[in-house]
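For reference, the structure discussed in these notes is given below.
All of the numbers you see were taken from the coordinates with simple rules; none came from a lab. Because the structure is a prediction, the values reported are computed rather than measured. Methodologically, a virtual Cβ is constructed for each residue, glycine included, from the backbone with ideal geometry; neighbour enumeration extends over all protein chains shown.
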Amino acid sequence: MPRDFLKGVKQKYDVIVIGSGLAGLTSANILGRAGYDVLLLEQHYKLGGMATWFKRPKGHIFDVSLHGFPYGMMKSCRRYWCQEIADRIVPLRGVLFDNPQFTLKTTYDRESFTELLQSKFGVEAATIREFFDTARGMNFYDDQQLTTKELFERFFPGRNDITRLLMEPITYANGSTLEDPAITYGIVFSNFMSKGVYTFQGGTDLMIGLMKDELEKNGVDIRIKSPVDKISTENGRVKSVHVGDREIECRSVVSNANLLTTIFKMVGEEQFDKDFVEDAKAVRVNNSSTQVYMALGPDDHLDRDTGDLLFTSTAENFETDLLLSRDVTSRTFSVYYPDTRPHDKRQRHLIVSSTNARWEDWADLDDEAYEASKQDLIETTIDALDKYVPNARERVIFSEAATPRTFYHYTRHHHGASFGTKFEGLPVSQALPTQISGLFHAGSVGIIMSGWLGAINYGVIVSNEVDQLLMK
Ligand SMILES: Cc1cc2nc3c(=O)[nH]c(=O)nc-3n(C[C@H](O)[C@H](O)[C@H](O)COP(=O)(O)OP(=O)(O)OC[C@H]3O[C@@H](n4cnc5c(N)ncnc54)[C@H](O)[C@@H]3O)c2cc1C
């Protein structure tokens with residue numbers, strides 16, 4: 001008999017959280033800690049969503065989205081999780097750029113960028129200061145008409161090389177383009193520039209394990225392999241969720257599933273106002289990604305000078321559209337030294353190459369073409385790695401690729417979106433509870449609320465709103 005993953009669930013909860021990405025986990029934790037009866041339903045057999053890892057024979061363990069986040073994670077994890085998680089957040093100091101326009105190494109903070117923009121790119125100190133202050137002063141309520149391209153043109157007219165330096169990592173980190181509102185750039189860029197790039201020491205498996213312990217301590221009922229098919233409403237209020245033939249009642253729902261899936265598949269457009277449906281239909285999902293996971297042999301060694309995060313490209317000029325092309329010219333290599341998992345006796349060096357990608361380029365390939373494309377991605381990536389890890393072809397003893405189809409498979413995100421939706425998704429996400437009382441969305445959305453820190457912080461904001469509703 002198949003195992004019943006819902007065995008023993010109660011008839012009714014205060015809150016049901018659908019999905020265990022970082023936003024879902026954080027909402028569940030805060031609401032559980034506040035004393036509410038919380039059920040967390042995850043369709044996959046693991047918690048974490050995109051914040052995940054996988055193991056392969058011979059002791060290889062790969063992180064999927066643990067590449068870098070801003071310092072703000074330390075505070076969010078201390079406040080909304082626990083000190084033990086916050087204490088493991090450590091800086092990554094070796095950020096490398098290598099492209100036909102320039103090659104440089106940086107600690108990726110304001111001080112280092114100011115120095116580079118002056119000495120290498122010949123920009124006046126006053127202009128740099130004004131640019132940083134403008135970016136840092138941006139907030140959600142600002143002018144949303146100004147695009148990132150216009151922002152760069154205002155400060156660094158005609159300087160494609162500076163655009164590349166300022167934009168490439170942010171495009172990688174949240175899929176934003178030069179055509180997106182400048183505030184989506186300014187907020188995220190300034191978060192990074194405050195103190196540089198950080199990572200979680202111990203690996204995603206340890207972090208999610210610690211989060212699970214915390215959730216259990218706070219009484220959250222966690223169920224994996226429990227895909228929610230439907231959210232039922234009654235008289236304009238949330239009533240219950242359906243998992244297969246089971247219906248579980250609740251006072252509120254926090255959906256960490258994709259925004260569009262939540263509206264159109266789980267609830268159904270007939271439950272919303274016409275104008276809201278129009279706005280929701282106009283929301284564009286963000287791009288997806290490809291990755292190549294590579295392991296060096298057990299006795300191999302990489303010099304720390306290789307760097308931690310390598311933004312590499314062979315494209316002559318910087319164009320955000322090129323970053324999505326099937327004809328890959330840009331790759332971000334994350335290098336995982338043995339101290340990524342200090343507790344692991346197998347002192348391995350692993351490298352993950354990531355490139356933003358379009359769903360349409362992979363969705364309709366037949367099995368044969370799909371496998372061939374994946375193999376081609378692996379081979380060309382190992383060739384590209386050779387510049388930074390000499391003799392890469394002989395040294396890489398294991399490799400595997402992930403595509404937009406892989407991300408869809410594991411998260412059910414519309415079009416395998418890595419970073420939720422474009423900017424217009426944020427007001428739609430925020431308006432959900434005004435349409436159906438008790439229905440909330442927390443998860444990567446609107447570029448700003450994406451990435452590890454954005455997702456956690458959105459989970460915090462939404463849990464406060466749920467709390468206010470339930471207190472009424
Ligand atoms: C290749 C790649 C690299 C990245 N690199 C970085 C990085 O360096 N730094 C950074 O900060 N961010 C990075 N990100 C982005 C970051 O991982 C995500 O923004 C963040 O983890 C998303 O969290 P989330 O809460 O939105 O939910 P997700 O992680 O998207 O999780 C949603 C969860 O909902 C579950 N779910 C969906 N539908 C249902 C259903 N019907 N029933 C039950 N469960 C359901 C899914 O299975 C999943 O577990 C990267 C992402 C990718 C793909």
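Just a few scattered comments:
- Radius of gyration and maximum dimension Dmax of the range 48-156, Cα, Å: 18.6, 54
- Estimated translational D of the chain in µm²/s (Stokes, Kirkwood radius over Cα pairs; 20 °C; 1.002 mPa s): 93 µm²/s
- Loop sites in the range 292-354: chymotrypsin sites (Phe, Trp or Tyr not before Pro), DSSP, at most 15 other Cβ within 10 Å: none
- Residue (of 147, 167, 336) at the positive-pole extreme of the chain, dipole from beta-carbon charges: 336
- Gap separating the Cα centres of the range 260-326 and the range 69-103, nearest whole Å: 19 Å
- The share of C-alpha pairs in the range 310-441 whose separation exceeds 19 Å stands at 63 percent.
- Distant alpha-carbon pairs in the range 92-197 (separation over 22 angstrom), percent: 24 percent
- Taken about its Cα centre, the chain carries a charge dipole of roughly 1540 debye when the Cβ of each Lys and Arg holds +1 and the Cβ of each Asp and Glu holds -1.
- Extension gain, residue 303 back to residue 470 (0.36 nm per residue minus Cα-Cα distance, nm): 54.7 nm
- Net length available on complete extension from residue 6 to residue 104 is 30.0 nm, with 0.36 nm assigned per residue and the Cα-Cα distance removed.
- Ignoring the sites themselves, the chain has its longest run without GluC sites (Glu not before Pro) in a DSSP loop having at most 15 other Cβ atoms within 10 Å at 317-472.
- Within-13-Å neighbourhood charge of residue 450 [Cβ basis; K, R +1; D, E -1]: 0
- Top positive-direction residue, dipole computed over the range 25-102 with Cβ charges, set 39, 49, 86: 86
- Short-range pairs are left out: with C-alpha atoms under 8 Å and at least six residues apart, the relative contact order of the range 1-126 is 14 percent.
- Inter-probe distance in nm under a simple model that places probes 7 Å from Cα toward Cβ, at residue 398 and residue 225: 2.4 nm
- Counting only alpha carbon atoms, the long axis of helix 425-435 and the longest principal axis of the chain meet at about 10°.
- With a cut-off of 13 Å between beta carbons, the residues surrounding residue 121 carry a summed charge of 0, where Lys and Arg count +1 and Asp and Glu -1.
- Length-normalised contact order of the chain in % [C-alpha pairs under 8 Å, at least 6 apart]: 23 percent
- In terms of other Cβ atoms within 10 Å, 279, 221 run from fewest to most in the order 279, 221.
- Alpha-carbon spread of the range 1-114, three principal axes, descending order, Å: 60, 38, 25
- Put simply, the range 201-309 fits an ellipsoid with semi-axes of 39, 22, 12 Å; these come from the alpha carbon gyration tensor as the roots of five times its eigenvalues, largest first.
- Arranged from fewest to most other beta-carbon atoms within 10 Å of their beta carbon, 422, 472, 374 become 472, 374, 422.
- Local electrostatic count at residue 14 - Lys and Arg +1, Asp and Glu -1, tallied over other residues with Cβ under 15 Å: +2
- Burial order of peptide ranges 446-452, 324-330 (average beta-carbon count within 10 Å, highest first): 446-452, 324-330
- For a modelled paramagnetic label at residue 58, 7 Å from Cα along Cα-to-Cβ, the residues of the range 392-427 in reach, with backbone nitrogen under 13 Å, are 394-400.
- Computed FRET value (nearest 0.05) for residue 431 with residue 144, which takes r as the C-beta separation and R₀ as 25 Å: 0.95
- Overall, the range 92-197 carries a charge dipole of about 340 debye about its Cα centre when +1 sits on the Cβ of Lys and Arg and -1 on the Cβ of Asp and Glu, all other atoms neutral.
- In the chain, a dipole from Cβ-located charges (positive for Lys and Arg, negative for Asp and Glu) runs towards its positive end, and of 183, 277, 440 it is 440 whose Cα lies farthest in that direction.
- Qualifying chymotrypsin sites (Phe, Trp or Tyr not before Pro) in the range 12-58, DSSP loop, other Cβ atoms within 10 Å at most 16: 45
- Annotation note: chymotrypsin sites (Phe, Trp or Tyr not before Pro) in the range 66-131 located in DSSP loop regions with a Cβ neighbour count of at most 14 within 10 Å are 102.
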